[in-house]
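A short worksheet on the structure shown next.
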Amino acid sequence: QVQVVESGGGSVQAGGSLTLSCAASSGYTFSTYYMGWFRQAPGKEREGVASIDSDGSTSYAESVKGRFTISKDNAKNILYLQMNSLKPEDTAMYYCAAVLTVRAQLYGGSWFTALRKNALDAWGQGTLVTVSS
């Protein structure tokens with residue numbers, strides 16, 4: 001089974017920036033998956049943050065548009081989330097997650113929908129992001 005491992009979390013002041021990385025195990029080809037990041041804060045349900053499909057098309061939650069950027073390096077099997085202008089409400093555990101392209105097609109071609117339907121194929125252990133005011 002494929003594995004993904006997140007890194008890059010930490011504590012920053014409001015207005016600061018962080019870049020999260022997600023590395024996949026050998027043989028895990030991003031081109032055959034929709035990749036994304038979701039987050040979960042204490043007492044709240046998990047929230048999709050950003051996704052990028054097998055062709056490079058991206059989607060973002062309204063709460064992070066204009067501040068976060070998702071990207072990937074297919075050759076290195078690394079997924080990134082560049083987070084700028086961080087706010088205290090961004091504080092959460094962030095997870096990298098994958099959905100097979102063929103499965104995503106069952107959910108309207110949306111990683112976000114697959115997340116809501118608990119149809120993820122793989123996710124990591126998470127990395128904690130804490131934003132202080």
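Here is a yes/no grid of residues against (1) among the aliphatic types (A, V, I, L, M); (2) in contact with a helix residue (DSSP H, G or I) (Cβ under 6 Å, 6 or more places away or on another chain); (3) farther than 24 Å from K87 by Cβ:
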| site | (1), (2), (3) |
| --- | --- |
| V2 | yes, no, yes |
| G8 | no, no, no |
| G16 | no, no, no |
| T19 | no, no, no |
| F30 | no, no, yes |
| A41 | yes, no, no |
| K44 | no, no, no |
| E47 | no, no, no |
| I52 | yes, no, no |
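Suppose we filter region 25-46 for residues that are part of a strand (DSSP E or B), open to solvent by 20 Å² or more (accessible area, probe 1.4 Å) and farther than 14 Å from T91 by Cβ; how many remain?
Result for region 25-46: 2.
Enumerate the pairs (first residue in region 47-66 and under 17 Å from C22 (Cβ atoms) and assigned to a loop (DSSP other than H, G, I, E, B); second residue anywhere and modelled with pLDDT under 95 and open to solvent by 50 Å² or more (accessible area, probe 1.4 Å)) with beta-carbon separation below 8 Å, excluding pairs fewer than 6 apart on the same chain, so at least 6 apart or on different chains.
From region 47-66, the pairs are S54/S31; S54/T32.
Does S57 fit the bill of being open to solvent by 10 Å² or more (accessible area, probe 1.4 Å), at pLDDT 95 or above and not acidic (D, E)?
Here the answer is yes, as S57 does meet what is asked.
Looking only at region 68-113, filter to residues that are outside any strand (DSSP E or B), of a type in the set (K, R) and farther than 24 Å from G43 by Cα; which one of those is most open to solvent (accessible area, probe 1.4 Å)?
Let us first name the residues in region 68-113 that are outside any strand (DSSP E or B), namely 74-77, 84-91, 101-113.
Subsequent filtering for residues that are of a type in the set (K, R) retains 76, 87, 103.
If we keep only those that are farther than 24 Å from G43 by Cα as well, we get 76, 103.
On the way: K76: 140, R103: 88 Å².
The qualifying residue most open to solvent (accessible area, probe 1.4 Å) is K76.
Within region 65-73, is there a residue that is at pLDDT 95 or above and among the acidic types (D, E)?
no
The values are calculated or read from the model by the stated rules, or taken from the named source; none is laboratory data. Remember, it's a predicted structure, so these values are computed and weren't measured experimentally. With ideal geometry, Cβ positions are generated from the backbone for all residues, glycine too; neighbour counts draw on all protein chains shown. What goes into the accessible areas is simple: the full protein's heavy atoms, side chains included, and nothing from ligands, DNA or RNA. Shrake-Rupley method; radii C 1.70, N 1.55, O 1.52, S 1.80 Å.
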